[in-house]
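Visitor: Attaching a single structure in structure tokens format; questions to follow.
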Amino acid sequence: MAPDSPTLFPSIDQMEERKISFAPAQAPAVEAPAVEAPAAEAPVAEVPAPVEVALAPVPYSKEAIEEINSFYRKRAKNSVGFTYTSGGDLEIKEGAKVSKVSRPSTAGTIRLKMFVPLEPVERASLDDTRSGSLAALDTEYEEEHVRLVDAWEEYRRTGSMHAVLASNQAMTDIDAKRNLVRTAVRNVVSIPNPVTRDIILSDRYEERKLFPKGDPFNQEVARLAIYTFKQEDEFGKYVDDAGAEEAVERGEEETSDILTRQKLKDGRFARVFYETGSEANGFLSPMWMADFTMIDGEASTNYSSPIQAYEAEKAKELGKVELREKILKTRSPRTIRLLVRQEKEHPKDARGLWLKIYTAMYNKYPNLQARLLATGSDTLIFADSKPGPSSVGLAEKDSGVLDPTKWRGENAVGVAQETVRTRLREQTLEEAPEVAEADESTVTEEQQRRAKTGAIINARRGGRR
């Protein structure tokens, strides 16, 4: 069941301070045994001090908020006199009144602030602060738990409950602080006990419980509702128009990043790639030109691109010698794809083959390693409509490419590069052995250039005849 919306909001004075006070409930962290402590040593329970959580500063002063509220109250009665400027600010026209007998309001414009996203540095600082606070509170909680265990040992020896109650309350306070760092708005919502006729017995997902009369919960089920702040409350800020213009200018530099990363239906961020033309994601394409050497047992082969390595190794596994020779005689990924367009068979372990290929390639190019690591934890998706295990089986512009449930392939290219990325991050990527000279090799750029030149000359000679 989705959490209900909170019904209470802070007043203007509270908003100005931007702090929420929360007095944690005095629930014991450890159940006390049924042994009463001596009356002389039973401490008086103290109400814990409120825990304060600082929020983002309010963009307007108390006076400005009242002025804005007044504008909208008047606009409800006179939308012509109280209107908006082309820039979205609040405008009061000359002589604007809310009624015939009221005095005209002072003409002018109420300037509103612009909301802009936080800078990456600010966002990272916010996350680091929260993580650091949680780590410190977790440590404090564990230390207090050790003291609570010692306090129970002391109680068993002396019968004194003073240290137990004090440590128990300290753990409750620390846990309340941890909850506030995780999410600052929490509430308890009661669920009324349903009557028998309201229960849908035919619905197998129906989960309700009837309580007998006189139950300790007053025939209600209580649940914890957590109200997380909207993203803009924590990941944005209000600035004046000048600051907004500067933020927009900075944002224009990051426009390409919006196209670089897309959001999947399951909430993950992804990088969808196919051709090598994209400046940001082109290097992820198996058609990316990069010479590297693959070693298979005692044999080694030079390749000019991942797609050439895959198709040549696949042809070798399937015993197609002539096809492999044709693949090694060209450096063009497009030509290679034309050569194998009729091939329907696939290697036994496509994902393992791609992992071997990308391990060899990234081992040779530290600059590509840096670019791969820069993709963070984004899902890497090879969007090729050709059926098979290498891609998701859908084109880049297909709407289903962002829905993993609609993929038709294993996305072995993307998964292999994600695996290499993880091993690079954990420094567990196998280092490629040095090879003096490969046993087999694709044609070099110089050989291909000479072959093209020779073909052109022969064609011209044939034309003159």
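Visitor: Could you count how many residues in segment 423-454 are closer than 21 Å to LEU355 by Cα, modelled with pLDDT of 70 or more and exposed (fewer than 12 other Cβ atoms within 10 Å of the Cβ)?
Guide: Result for segment 423-454: 5.
Visitor: Let me ask something else. For residues in segment 300-326 being in contact with a strand residue (DSSP E or B) (Cβ under 8 Å, 6 or more places away or on another chain) and of a type in the set (Gly, Ala, Ser), which is nearest to LYS344 (Cα to Cα)?
Guide: So, considering only residues that are in contact with a strand residue (DSSP E or B) (Cβ under 8 Å, 6 or more places away or on another chain) and of a type in the set (Gly, Ala, Ser), the one nearest to LYS344 (Cα to Cα) is ALA312.
Visitor: Now for a different question. Can GLU313 be described as of a type outside the set (Val, Ile, Thr) and closer than 15 Å to GLY352 by Cα?
Guide: So GLU313 passes the test.
Visitor: I would also like to ask the following. Out of the residues in segment 59-86 that are among the small types (Gly, Ala, Ser) and in contact with a strand residue (DSSP E or B) (Cβ under 9 Å, 6 or more places away or on another chain), which is surrounded by the most Cβ atoms within 10 Å (Cβ to Cβ)?
Guide: GLY81
Visitor: Further question on the same structure: Looking at ARG271, ARG324, ARG341, which one is out of contact with any helix residue (DSSP H, G or I) (no Cβ under 8 Å at 6 or more places or on another chain), assigned by TED's automatic domain parsing to the domain that holds GLU440 and either among the basic types (Lys, Arg) or closer than 24 Å to ALA395 by Cα (or both)?
Guide: ARG341
Visitor: Suppose we filter LYS320, LYS329, LYS397 for residues that are surrounded by fewer than 20 Cβ atoms within 10 Å (Cβ to Cβ), basic (Lys, Arg) and under 21 Å from GLU275 (Cα atoms); which single one remains?
Guide: LYS397
Visitor: Here is a further query. Looking at segment 258-280, which of its residues are in contact (Cβ under 8 Å) with a residue 60 or more places away in the chain and assigned to a loop (DSSP other than H, G, I, E, B)?
Guide: Selection gives ARG261, LEU264, LYS265, ASP266, ARG268, TYR274.
The values are calculated or read from the model by the stated rules, or taken from the named source; none is laboratory data. Because the structure is a prediction, the values reported are computed rather than measured. Neighbour counts are summed over all protein chains in view; Cβ atoms, including those assigned to glycine, are modelled from backbone coordinates with ideal geometry.
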